[in-house]
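Q: One structure, as structure tokens, below. Some questions next.
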Amino acid sequence: MPSSDRIVVRGNLVLPDSLLEDGCLIAQDGVIEYAGFWGMAPVTDGDAVVQIKEGWIAPGYVDIHVHGGDNADYMDGTVEAVKVANRIHARHGTTTIFPTTTTGLPEQIDKMLHACLAVQEGYQLSDGARIGGVHYYGPYFAADKVGCHSVDGRRDPKPEEYVKCFDLGIIQVATCAAELPGAAEFYREASERGYLVTCGHSNSTWTEMAKAFEAGMRHVDHFWCAMSSISGVREQYGFPMQGSMEQFVLMEPEMSTEVIADGEHLAPELLEFAYRMIGPDRLCLVTDANRAMGMPPGKYRFGPESDGAWFESDGKVGFVTRKSLASSVVGMDTMVRNMYENTSVEIHEAVRMGSLTPAERVGMDDEIGSLEVGKRADFLVLDGELRVKDVYIGGQRFQ
């Protein structure tokens, strides 16, 4: 008789480079054993087949830049806050998550890292999205590019601080503004440890980006948001005009980046531009969601509940002022759906940018990110409009 841990699902599959109609996904003990045509599937008489007549079976989403949700911020630094945020993101299709730090005191970041480590080590299905690692994001930002983060928690990188954090073994993505003193040393250390090394909240010039690239930097956080531009570099350094982060990413084929496709941060033409110029294999979708996700409009803290910077949410986006946004308040399902509905991307490309591409960038694509044999059975049942109907993590249905 088939094991009770065996699941057979029949429906249309979203594969990395195509759509497969009337396909079949079989998972055993939390691992994908088959993903292909229904007519060739090794189904036995004893298998209970889950029939998905409309919509899609897609890989679980992977969010490498996310701050919280459901009135919890990862920087609250408690196990419960981590689980609360992970649960709401799981309900929106994220099965692997990378909790992201903000600016803050060393003790606050330390608490956050230990809380994430505890949840990762003691994971159970009811915790929601599984932690793939932490995105060490704040506190190493340019002073005038902190955005909605608390400026008091910003500082330049010091090895005695970040090496201690790195040694905990939970970090997988590491960000620093390229122009800061000590940035190159930070990049080299993070790169040697195998992290996805990124530049964000930065005024860096092309020359500074090139030096950062030599030191191991390969990614830029949320394209066009809190990043340098030609006009900004010109204001700082004059003529001749110099390249900025944008041009470096567009020209260097080893670089990747991400967009917040919530419909509030970037207009459709910018999403289309990013897709066409960078491509789905280098462009990640991220939520950058804050604690106001899933909450009514109102005033919230960005970062630690105790002293994080205040921002407003109108239920569609977070903002400090109407000219300064404060990350998103929606999940990855919205990002994927908006990317598909507002650009020329195909369904499988939109899904890829929210799953396999980020998994590849953090070096976990042998475990997650696509419906392929041998990978963890993290998958979604989506309706015809790409809305999440069911979420499976490790072959088990999350409720």
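Read-outs: derived from the displayed coordinates by stated rules, not from any lab. Computed from a predicted structure; not experimentally measured. In this analysis, Cβ positions are derived from the backbone assuming ideal geometry, glycine residues included, and neighbour counts consider all displayed protein chains.
Q: Among VAL134, VAL173, what is the fewest-to-most ranking by other Cβ atoms within 10 Å?
A: Ranked by crowding around the Cβ, least crowded first: VAL173, VAL134.
Q: If you don't mind, another one. For the range 278-305 and the range 221-265, write down the distance between their C-alpha centroids in whole Å.
A: Rounded to whole Å, the Cα centres lie 20 Å apart.
Q: Where Rh is the Kirkwood radius over the Cα pairs of the range 153-295, the temperature 20 °C and the viscosity 1.002 mPa s, what D in µm²/s does Stokes-Einstein return?
A: Translational diffusion coefficient: 134 µm²/s.
Q: Expressed as an acute angle from 0 to 90° and rounded to the nearest 10, what is the orientation of the C-alpha long axis of helix 106-121 relative to the principal long axis of the chain?
A: It works out to around 10 degrees.
Q: Whole angstrom only: what separates the Cα centroid of the range 31-51 from the Cα centroid of the range 104-178?
A: 41 Å
Q: Please compute the length gained on full extension between ASN342 and MET241, using 0.36 nm multiplied by the number of residues separating them and subtracting their Cα-Cα distance.
A: Contour length minus the Cα-Cα distance gives 33.1 nm.
Q: Now for a different question. Along the charge dipole of the range 61-361, which of THR357, ILE170, SER328 sits closest to the positive end, that is, farthest toward it, with unit charges on the beta carbon of Lys, Arg, Asp and Glu (+1, +1, -1, -1)?
A: Result: SER328.
Q: Another question, then. Under the rule of -39500 (n - 2.57) per DSSP H run of 4 or more residues, summed and divided by the residues of the chain, what mean residue ellipticity at 222 nm is obtained, to the nearest 500 deg cm²/dmol?
A: When only DSSP H runs of four or more count, the value is -7500 deg cm²/dmol.
Q: Just name one of GLY132, GLN28, ALA292: the one whose Cα is farthest towards the positive end of the charge dipole of the chain (beta-carbon charges, Lys/Arg +1, Asp/Glu -1).
A: In the chain, that residue is ALA292.
Q: In whole Å and largest first, what semi-axes does the C-alpha gyration tensor of the chain yield when each eigenvalue is scaled by 5 and square-rooted?
A: 35, 22, 20
Q: How much net charge surrounds GLU33 when only other residues with a Cβ under 13 Å from its Cβ are counted (Lys, Arg +1; Asp, Glu -1)?
A: -1
Q: If I model a spin label at HIS114 and GLU252 as a point 7 Å from the Cα along the Cα→Cβ vector, what separation in nanometres do I get?
A: Distance between the two pseudo-spin positions: 3.6 nm.
Q: Which listed residue (ILE109, ASN71, ALA210) has the Cα farthest towards the positive end of the charge dipole for the chain, taking +1 on Lys and Arg C-beta and -1 on Asp and Glu C-beta about the Cα centre?
A: ASN71
Q: Sticking with this structure for a sec: Could you tally the net charge around ARG387, taking each other residue with its Cβ under 9 Å from the Cβ of ARG387, Lys/Arg +1 and Asp/Glu -1?
A: Overall, the nearby charge balance is -1.
Q: Just how large is the dipole of the range 61-361 about the Cα centre, in debye to the nearest 20, putting +1 at every Lys and Arg Cβ and -1 at every Asp and Glu Cβ?
A: 240 debye
Q: Quick check for the chain: number of Lys pairs with alpha-carbon distance under 25 Å, counting only pairs 8 or more apart or on different chains?
A: Taking the Cα cut-off of 25 Å, the pair count is 23.
Q: Hey, fewest Cβ within 10 Å first, where do LEU285, LEU15 land in order?
A: LEU15, LEU285
Q: Separate question: How much length, in nm to one decimal, is gained on full extension between GLU160 and ARG322, taken as 0.36 nm per residue of separation minus their Cα-Cα distance?
A: 54.5 nm
Q: Okay, moving on. So what's the angle, to the nearest 10 degrees on a 0 to 90 scale, between helix 79-91 and the longest Cα principal axis of the chain?
A: Between helix and principal axis, roughly 60 degrees.
Q: Could you please tell me the mean projected area of the C-alpha convex hull for the range 247-363, averaged over all directions and given in square nanometres to one decimal?
A: That works out to 8.1 nm², a quarter of the Cα hull's surface.
Q: I've got another one for you. Counting other C-beta atoms within 10 Å, which of LEU105, LEU271, LEU325 has the fewest, and how do the rest follow?
A: Going from sparsest to densest Cβ surroundings: LEU105, LEU325, LEU271.
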